[in-house]
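S.K.: I am attaching a structure below and will ask some questions about it afterwards.
The values are calculated or read from the model by the stated rules, or taken from the named source; none is laboratory data. Predicted model only: the values in this text are computed from it and were never measured. Methodologically, a virtual Cβ is constructed for each residue, glycine included, from the backbone with ideal geometry; neighbour enumeration extends over all protein chains shown.
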Amino acid sequence: MKKAICLFMLLGGLFLAVNPVLAKSWPISKLPYTIKSPGLYYLTGNLNAASGAGIIVFSDDVTIDLLGFRLQGNTDNIAIHMKTVNDVAAKNVEVRNGTIRGWKIGVAASGLDGHYRVINIRVRDNSYGGIMFESGGNLIKDCTITDTQNAIWVGGGVVTGNVITNCGSGIWCMSFGPSLPSSIIGNVVTNTGDQVGINLNDIAPLMVDQNSVGDGFTFPGAGPATVWGTNAGGPSP
């Protein structure tokens, strides 16, 4: 018996040594889940929310790792929502590595001061939006968004390496506050119906380079600071 206990403790110690991050983080095992403290949070498996919210973030300096699992939701709520408290939004939040499916919006934030990172997230079958930020200074990278009404709305930052298919609109850069710089680089946008692949609206300066966009560009409010590189499927200035 003592040998069995010692072996168990040894294996547990080895597990934490190999996975030191998990020893200093918080598991998410059911929805809804509210985050009120900085740190790393991770899914323990696929989670479903037939009704109600998903993960609500009230704290700055948070990382949410889906670890390859799925957040399955409902079309009335947001899967991961950085909320505003006393007119101040939770900021410096990263979401990564997993699938968000069947919600109203996948990842969203309230407020104009955010600095969010969404990396390697797969979004599909959302009724309204994929990734939606009003703020600037964001990074949206290597995400795949499919069968969702509006794929990416962003106030400013870097949008790169994303693949968007069968969405009502592709990438919209919108100035909800001050004009904010953005770089839209190396994205693939196809099958956006009667909408456009990339819409540049009231934001400058911009760099738009190496995108493949089947349904073209619009830039009704983009100013003279816009810099165009080589883009397939869209106009040149």
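S.K.: Do you know which residues across the range 175-234 are modelled with pLDDT of 70 or more, of a type in the set (A, V, I, L, M) and either more than 22 Å from Thr165 (Cβ to Cβ) or in a loop (DSSP other than H, G, I, E, B) (or both)?
M.R.: Leu180, Val196, Leu206, Met207, listed by residue number.
S.K.: Go through the range 121-169 and give me each residue that's surrounded by fewer than 18 Cβ atoms within 10 Å (Cβ to Cβ), more than 12 Å from the chain's Cα centre (by Cα) and part of a loop (DSSP other than H, G, I, E, B).
M.R.: Asp125, Ser127, Tyr128, Asp147, Gln149, Gly161, Asn166, Gly168
S.K.: Return yes when Arg96 is of a type outside the set (Gly, Ala, Ser), without any contact (Cβ under 8 Å) to a residue 60 or more places away in the chain, within 22 Å of Val163 (Cβ to Cβ) and touching a Ser or Thr at 6+ places or on another chain (Cβ under 6 Å) and no when it is not.
M.R.: no
S.K.: Within the range 59-106, can you find the residues that are among the aliphatic types (A, V, I, L, M), assigned to a loop (DSSP other than H, G, I, E, B) and crowded, with 20+ Cβ neighbours inside 10 Å?
M.R.: Leu66, Ala90
S.K.: Taking the conditions exactly as written (under 25 Å from Trp103 (Cβ atoms), assigned to a loop (DSSP other than H, G, I, E, B) and modelled with pLDDT under 95), does Gly52 satisfy them or not?
M.R.: In short, yes.
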